[in-house]
Amino acid sequence: MTADVLDARGGFTRARALVDDLWGHPRYGWVVKAAVLYVLLVEVAVQLVFGRIDLPLVDWSLLEVGRYAKPLPREVLLDGGVVGALYALVGMGLILVYRANRIINFAQAQLGAVPAVVALLLIAKRGWPYLAVIPIVIIGGALLGGLTEVTLVRRFSNAPRLILTVVTIGVSLVLLILEFYAKQWVGGELIDTLAREYNSPLSGFEWRVGVATLTGDHLMTMLVVGVIVVALGAFFRFTDIGIAVRASAENAERASLLGIPTKRVSTIVWMLAAVLSAVGVFLRGPLIGIPLTGFVGLTTLLFGLAVAVMARMESLPMAFGAGLFIGVVDRAAIFATNRSSLATAAMFAVITGALLVQRSKLSRAMELGASSWQAVKELRPIPAELRDVPEVRRGRYAVFAVVGLLALAAPFVFGDVRTPQATIMVLYAIIGVSLVILTGWTGQISLGQYAIAGVGSAVAGGLAANHQWDFFGAVFTGAMVGALVAVLVGLPALRIQGLFLAVTTLAFAFAVEGFVLKREFFGWLLPEDGAFVSRPNLWGRIDLESSSELGPLTILPDAKFYYVCLAFLLLAVAMARSLRKNRTGRILIGARDNGRLVQAFGVNLAATRMAAFAVSGFIAGMAGSLLAYQNTVFSPGGFTADKSVELFVMSVIGGVGSIAGAVLGAIYVVGLPLLPGLRDIEFVQFLTTGLGLLVLLMVLPGGLAEGVYRVRDTLLRRVADKHGIHVPSLVADSLQVNEEVAVPDASVLPSDDAPPPAEIDVVEPAVARANGHRRAEVGGVR
C-alpha cells in the first residue's frame, strides 16, 4: 500500500474523529447540529419546495418543482423566523401541559386567543395605550388556564387521558363562543382583519430589506421571545416550583409520594401555558393580522402542534428551533404561492415525518393507556335469558316501530324548508358509524373523518357532473376512494398510536382543506366550476328531481333524497353490525384493548388496523358521495378542519362505542338546533357541541347511548324480578358494595399483657348475591 493512500486514509480518519467530537460535544454540539439542520431543512428542503436552488446540474425548465422563479430571498426567511418564534410559544405551552398531564391540549391556542384578541381590540378600537393592555394578556391568560385546570382537568384527573383530551376539545369550542362575543362587545362593528392598526413602542421603526419590510415589531417579538425562553430556563432550573414541575412531569405519582403538591403544580403549568399562548397571539397581531370574522385558535394550534411534535413533546429549546423552521415554511409558502392554505397543508408532511422519525424516541410510558378508548363501556345486547320474555319482545317491536315511524315522518315534521337539514343529519350519522368502527371499536382516533368524506364527495361529484356517471357507480367509486385515502392516512398508525394519531389526522384535515380540494391543484378531480350534480332517476321509476303523489301526500324531491340517504344509513348500520358480530369485530376490540395479547394469538395487528381504516373510510366516502348529490353544487370550502373536529365531538356525545350512539349524536348536534325554541339562538351548535360535551362527559362518559342503555337495563331488571329470572350481568351491574371499617370497642381491646392472638388468615372477604342467597365471609386459622 502506497504512502499516499495511507496518508489519505489517515486524514479521513482524523477528519471523521473531529466531526464526531464536534457533533457530540457536551457544550457546543448543539451549534453543529443546528447548523446542519438549518442547511438540510431550510436551504435545501424549503428552497426545493417553495423556491429554486441554483444548482449547475439542474435544468429548471425541465424540473418544475418550485413555484417561485429563483431562490427565496433571505429576508423572507428572516420574517418567517420571527413569526415562527411566536408559534414556538404555543408549542412550548403544549409541551408543558403534555409533560404535566400526558395529554394534548387542543384548547392551547384558544386559551391565549381570547385575552389577546380582547387586548388588540382595546388598542385598535378603543384607543387604549399599549402598556395598559399587557396585564389583560398576562392575567387573562393565567386566569383562563387556571380556571380550566381547576374546574375541568382536576375533575377528570382519574379518567383516561384520551377522555381528558376530548375535554380540551370541548373547552376550545366554548372558548370560540367567548372569543366571538368578546369581539362584538369590545370591537363593535367587525372588520376583516386587524393588522398594524395600533402603535406598539417600536412600531415607528421600519427597515426595507429587499422584498420585505421589517419593523420594530419584529425586533420586539424576538426580544420578548428571547427573554421568555431564558426566563423559562431559569424558572425550571433554579426555582422550587420549577423543579417541582420537572419532577411532576417525570413521574407524577412518585412526585406526589415525595410530598410535591402535584395538583398545585398542574394548575401552575396550565396558567403558564395559557400565558405563553396569549403572548404569542398578541405579538402575532401587528405582524400578520388577527381575523375578526373568523377564529384564531385552530390554525395557530396546528402550527403549535407541529412545533411540539418536532420537539418530541419534551424539549423547550428544541421547540424554539422548531418554531423558527415552521415560521420559515409558513412565510415561504405565502411568499412563493400567495396562498396561506399551502402552509397549513405542509404541516401534514412535517408532523407525520417528525412522528415517524422520532417514534422510537417517544417513551412507551408516554403512550401507555392512551391508545384505547377505555372509558367507553361495551354496550351489550339484551341478555339471552330475557329475549323471549313477552314484555321484552313486545318492547323491542315497539321501539323499532317508534324509531321507524319517526325516521319516515321526519320530512313532514321538519317541513319542506328544513328537510335538507334532516338529510344532513342522516349523512352525519353515516360518518358517525364510520367513527364508531375506527375509534370506538379499534381505538384509532381520527379528527379527519370529514376530510375523507370530502375526498369521496369530490370524486363522486366530479364523475356525476363531468362524466355523467350512474348514481350507484359514482357513489360506490367515491366510497372506494374514501377507503383508499383512509388506508393511506392510516399507514402511519402502524407506528403512531393514540393521541399522536389524532394530531396526524387533524393535520390531514387541513391538508385536504388547503390543498387536495383546491381547483388549481386538483381541478381534474373536482366538478367543473358551476357544474351541477343532478340527482338521478333511479331505475327509471323514481325521479329524485321531481315531486310525487302518494295518496293524499306530496313527496317533494328533497324528501325523496332524504329517504335514499336513510336507506344508505341502514346499509352502513348493517355493515357495522355484521362486522361487529363476526370474528373480525372481536379482533378489533381485542386489538383496541391489548394489541400485544392479540398478536400472541397469531393475529396480524397491522392488517387488522388497516382493515378498520378501510371499512371506516368506505363508509365515510359513501356519506361524502351522497353529500355531493345533496348539495348539487360542489363547494370545496365546505370541508373544513373544524367540521371534522365537530363530527368527532358529535360521535363522542352520542357514544362512540355503539352504533346507536352515532345516530343519537347526529340527532343531538344537527336535529336539536332545528327545534323551534333553539333555531334562533346564535351559535347554538357551538353550545351543543362545546358546553354540551363537557356537561355530558361529567354525567355520562359513554355518551347519550350510555344513558339510553341504563334506562333499558333498569326496565329489564324489573322484568327479571317480575318473572323471577336471574340475570347475572344485570345483577352485577346493580350491586353496590360499600366497604365499612368497623371500629372496635375499647372495652374489648386486648391489654398489653395479654398473650398474642392466634394469627388469622382471611381469605378475600366477598359479598355476592346469587339466586337470592347471600354468601358469608370466609376465614380460617393457620
ask   = Under a 5 Å amide H to amide H cut-off, with H placed in plane at 1.01 Å, what residues pair with Ile290 once short-range neighbours are removed?
value = Leu194, Ala195
query = Which value, to two decimals, describes the C-alpha radius of gyration of the stretch 517-596 once divided by 2.2 N^0.38 Å?
reply = 1.76
key: Net +/- balance of residues flanking Arg246 in space, Cβ distance below 14 Å, scoring K and R +1, D and E -1   = 0
Mean-position separation - Cα centroids, the stretch 383-397 and the stretch 119-193, in angstrom = 51
ask   = What is the stretch 381-423 by shape, rounded, prolate or oblate, if you read a ≥ b ≥ c off the alpha carbon gyration tensor as root eigenvalues and call it rounded for a/c under 1.5, prolate for a/b larger than b/c, and oblate otherwise?
value = prolate
key: Table column - 3J(HN,Hα) (Hz), the stretch 436-448, Karplus curve with 6.51, -1.76, 1.60, x for Gly and Pro   = 4, 5, 7, 8, x, 9, 9, x, 9, 7, 10, 9, x
note = Env charge @ Arg387, Cβ radius under 9 Å, K,R +1 / D,E -1, value 0
request  = Calculate, in nm to one decimal, what Arg393 and Trp207 gain on full extension: separation in residues at 0.36 nm each, minus their alpha carbon distance.
outcome  = 58.9 nm
task = Keeping the other protein chains in place, figure out the carbon and sulfur percent of the accessible area of the stretch 214-304, with a 1.4 Å probe.
result = 66
ask   = Shape call for the stretch 411-522 from the C-alpha gyration tensor, a ≥ b ≥ c root eigenvalues: rounded (a/c under 1.5), prolate (a/b greater than b/c) or oblate?
value = oblate
ask   = Around Thr215, which amide H atoms from residues at least 5 apart in sequence, or from another chain, sit under 5 Å from its own amide H, with H modelled in the peptide plane?
value = Trp207
ask   = In the stretch 476-585, which GluC sites (Glu not before Pro) are in a loop and have at most 15 other Cβ atoms within 10 Å, using DSSP for the loop call?
value = Glu528, Glu545
inquiry  = Under the rule of at least 5 residues apart or a separate chain, name every residue whose amide H is placed under 5 Å from the amide H of Leu447.
reply    = Thr505, Leu506
query = HN-Hα J couplings of the stretch 658-665 from phi, Karplus 6.51/-1.76/1.60, θ = phi - 60°, integer Hz, Gly and Pro as x?
reply = 9, 5, 4, x, 4, 6, 4, x
ask   = Ignoring ligands, DNA and RNA, what accessible area per residue does the stretch 593-641 give at 1.4 Å, in Å²?
value = 37
note = Along the stretch 230-240, Karplus-curve 3J(HN,Hα) (6.51, -1.76, 1.60; θ = phi - 60°) to the nearest Hz, with x for Gly and Pro, reads 5, 5, 5, x, 5, 4, 6, 9, 10, 9, 5
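The values are calculated or read from the model by the stated rules, or taken from the named source; none is laboratory data. Since the model is a prediction, treat every value here as computed from it, not as a measurement. Every residue, glycine as well, gets a Cβ built from its backbone with ideal geometry; the counts of neighbours run over all protein chains shown. The accessibility values were calculated without ligands, DNA or RNA, using every heavy atom of the protein model including side chains. Shrake-Rupley method; radii C 1.70, N 1.55, O 1.52, S 1.80 Å.
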